[in-house]
Amino acid sequence: MLQHSEADRSSVLGFIRKVSDAFAFPLRVSHYIELVNPLWADHSMQARIEKVWDETSTARTLTLRPGANWRTFKPGQHVRVGIPIGGRHFTRTYSISSGAESPDGCFSITVKAIPGGFVSNHIVRKLKVGDYIPVGIAQGDFYLPDAQPVEPLFITAGSGITPIMSMLRTLDREDRMPDVRHIHYAPHVHDVIFGQALTDLQARYNRYHLQRIYTREPGQAESAAGSAGSQHFSPAQLEQFCPDWRSRDVYACGPQSLLDALESFWESQGLRRQLHTERFRAPLAVSAQPGQAGRVTFAKSDAVVDSDGQTNLLRVAEDNGLNPEHGCRMGICHGCDVKLVSGCVRDLRTDELLQEAGQVIQICVCAAVGDAVIDV
Ligand code: FES
């Protein structure tokens, strides 16, 4: 009976919305509602920045209150956020760093300002409480399995700790912290994002074993275990800090060099299926040929610019004031698909040359080879 009345109410509301939309045409009622409160709009999803918090001198956490269409997320997943800067719209993807099912309905992302990174520096230095930014729904398959409890080994470096922090906070909130081994790499002690939160977890759970390794502090690892030789990942280090690593599921996030090393090692041990990695960038192929510089014509934009033959075309366009549509920036979502009009481009992930006129290319992972004309 209750279900019946809810269905009725929803169809009445749907009808009212349709009629209202007809009067609001060519916009929708939601566009006017957005002027009152962006979080009530349902034609796009916005989030309000509720709080900003500096984790380190270069990393900041934004607590976001999402709008009407937000759904929950699994700890470890990421979201796309839109960043308007100077009349242009940029999209970036960040892992969620807060625990799932927060009682206040908010979630957090933690962003590290990359040297020379226009958008990440804007987020860390310029966004403030009360700003609204577009967000997508949470996505990704990097999360702990629901059904069967695991005793994980986490391996993280730098801002790669963000999805793992979401997992740890969720396990803590739900009071089901298993036996966890965690190796975290950072250049120096002051670069450790969530340093205090990790220390608190260590103090509260003797089954949470954290090993911090400072890669630019000569010859030392933090604990009494002392140096394992290399300050970057090595099998000897793994044996020392997590002797039962063969029996653990591994969740790793960090720069490409670390993830490549882990994948190659676990592969060599025949245990690749136990390793789960989260990348922020597409893995790039090592090219046999040097990049070939040239002139790229963005035909629809009437722009002709220089290319070094190595930088992806999305970045080349943005560096020259253009704003092509895009999403993940790592060759997954196809949000940047456009046609190659003429010339040749190289897929930076596979080193494959694409040169058929009319062929669809992903400009976030393709660089021009010499001169090329792109339908942007
Ligand atoms: S932006 Fe997602 S594939 Fe290029």
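The values are calculated or read from the model by the stated rules, or taken from the named source; none is laboratory data. Note that this is a predicted model, so its numbers are computed, not measured. For neighbour counting, all protein chains shown are included, and Cβ atoms are generated from backbone atoms with ideal geometry for every residue, glycine included.
Among the residues of the stretch 101-140, those identified as in a loop (DSSP other than H, G, I, E, B), closer than 18 Å to MET330 by Cα and free of Cβ contacts under 8 Å to residues at least 60 places away in the same chain are ILE114, GLY117. Annotation: GLN310 fulfils all but one of (1) in the same structural domain as LEU353 (by TED's automatic domain parsing); (2) within 16 Å of the ligand (Cβ to nearest atom); (3) within 18 Å of ARG349 (Cβ to Cβ); the unmet one is (2). Annotation: of all residues in the stretch 318-348 being buried (at least 16 other Cβ atoms within 10 Å of the Cβ) and basic (Lys, Arg), the one that is farthest from the ligand (Cβ to nearest atom) is ARG346. On the stretch given as the stretch 127-155, residues that are under 21 Å from ARG204 (Cα atoms) and of a type in the set (Val, Ile, Thr) total 2. Based on what the data block shows, is VAL304 at negative phi, free of Cβ contacts under 8 Å to residues at least 40 places away in the same chain and within 16 Å of the ligand (Cβ to nearest atom)? Criteria not met by VAL304.
Of all the listed residues (THR72, THR61), the sole one being outside the structural domain of ALA252 (by TED's automatic domain parsing), assigned to a strand (DSSP E or B) and of a type in the set (Ser, Thr, Tyr) is THR61.
Please specify each residue of the stretch 361-376 satisfying the condition of being within 14 Å of the ligand (Cβ to nearest atom) and out of contact with any Leu (no Cβ under 8 Å at 6 or more places or on another chain). Correct list: GLN362 only.
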